[in-house]
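Take a look at the structure set out below.
The values are calculated or read from the model by the stated rules, or taken from the named source; none is laboratory data. Keep in mind the model is a prediction, meaning the values are calculated, not measured. Glycine also receives a Cβ, built like all others from the backbone with ideal geometry; neighbour counts cover every protein chain displayed.
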Amino acid sequence: DQQVKQNSPSLSVQEGRISILNCDYTNSMFDYFLWYKKYPAEGPTFLISISSIKDKNEDGRFTVFLNKSAKHLSLHIVPSQPGDSAVYFCAASKGTYKYIFGTGTRLKVLA
Amino acid sequence: KAGVTQTPRYLIKTRGQQVTLSCSPISGHRSVSWYQQTPGQGLQFLFEYFSETQRNKGNFPGRFSGRQFSNSRSEMNVSTLELGDSALYLCASSLGDRKTYEQYFGPGTRLTVT
C-alpha cells in the first residue's frame, strides 16, 4: 500500500521555466511534509518543509503548496536551473520522525 | 556546522555475516533515523533513536537492530546478511524536539552482500 505517491517518474523542463513536481498521499493523518533532492550515490538533500497548518511555504526559488482536501502537495521551482537536475522525493509523517517516502520524480532541466 | 557523517561509505560482505554501520548526527541533534534505499522498494524507514531509546520502528525483521550512545551517535547492525540486504543505508539527523521535523541525511553506506 503506497501511502505517498509521485505518479510522474520523470519531468523535463527548459532552463528558466517553472518546474512543478507533484505528490499525492492517502493518509489524512499525515501532518508534516518534506521535499528532498537527490543526486546519484549521495544522500538526499533537504529542500523545504510544510506542516498541515499551512498551505504554502517559500524558500528562495522553492515553494511548496499543500492542498489538504485533495491530499496533494506540489513543489514549484522558479526559475529552473540545470543544477536542479536530480531526483526529487516527497516524504510525509504523522507527527513523528518516521517518514514515508514517495518513489521519486527525476527532473531534467534542459539548457 | 558539520553535516551528518556515516562510516564506512562502502562495504562488501558475504551472506551470513553481520555488519555494523555508524552515524554521527549534526551537533545538537538528538534524533537519529535509519533508512534503507533499494531500487525496488525506494526509501524505507528502519527505526529512530532519541536519547538512547528506540522511539519508532519500521517493518523490518529482527536481524536489523540499532542503538544510540549518550553523544547521540548511532550504530545499525544487520546480522545473518542476505543478498537482499544489499542497499544504500542512510542515516538522518533531527533535533528530535517534536516541534520541528526536518531531517538531514548523511551520504549513506553502500552495502553489497555477495
Any idea which of (1) more than 14 Å from every other protein chain (Cβ to nearest Cβ); (2) touching an Asp or Glu at 6+ places or on another chain (Cβ under 7 Å); (3) closer than 27 Å to B:G58 by Cα is the one A:L73 doesn't satisfy?
(2)
If B:F45 satisfies every condition in (1) within 14 Å of chain A (Cβ to nearest Cβ); (2) out of contact with any Ser or Thr (no Cβ under 6 Å at 6 or more places or on another chain); (3) in contact (Cβ under 8 Å) with a residue 12 or more places away in the chain; (4) not in a strand (DSSP E or B) but one, which is the exception?
(4)
Among the residues that make up region A:91-101, is at least one of them in contact with a helix residue (DSSP H, G or I) (Cβ under 9 Å, 6 or more places away or on another chain) and buried (at least 18 other Cβ atoms within 10 Å of the Cβ)?
no
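Restricting attention to region B:48-63, and to residues there that are in contact with a Phe, Trp or Tyr (Cβ under 6 Å, 6 or more places away or on another chain) and part of a strand (DSSP E or B), which single residue is nearest to the other protein chains (Cβ to nearest Cβ)? Talk me through it step by step, then tell me what you get.
Narrowing region B:48-63 to residues in contact with a Phe, Trp or Tyr (Cβ under 6 Å, 6 or more places away or on another chain): B:48, B:54, B:57-58.
In the following step, the residues that additionally are part of a strand (DSSP E or B) were identified as B:48, B:54, B:57.
Values: B:E48: 5, B:Q54: 11, B:K57: 8 Å.
Per the criteria, the residue is B:E48.
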Cβ-Cβ under 7 Å pairs, at least 6 apart or on other chains, region A:21-40 side farther than 12 Å from A:G102 by Cα, far side modelled with pLDDT under 95 and of a type in the set (K, R):
A:M29/A:K94; A:F30/A:K94; A:D31/A:K94
Residue in region B:40-61 that is more than 30 Å from A:S51 (Cα to Cα) and surrounded by fewer than 21 Cβ atoms within 10 Å (Cβ to Cβ) present
yes
Just one of A:K37, A:K108 is modelled with pLDDT of 95 or more, part of a strand (DSSP E or B), more than 14 Å from chain B (Cβ to nearest Cβ) and farther than 13 Å from B:Y101 by Cβ; which is it?
A:K108
Give region A:41-54 a look and list any residue that's over 12 Å from A:Y88 (Cα atoms) and either touching a residue at least 60 places away in the same chain (Cβ under 8 Å) or assigned to a strand (DSSP E or B) (or both), or say none.
A:S49, A:I50, A:S51
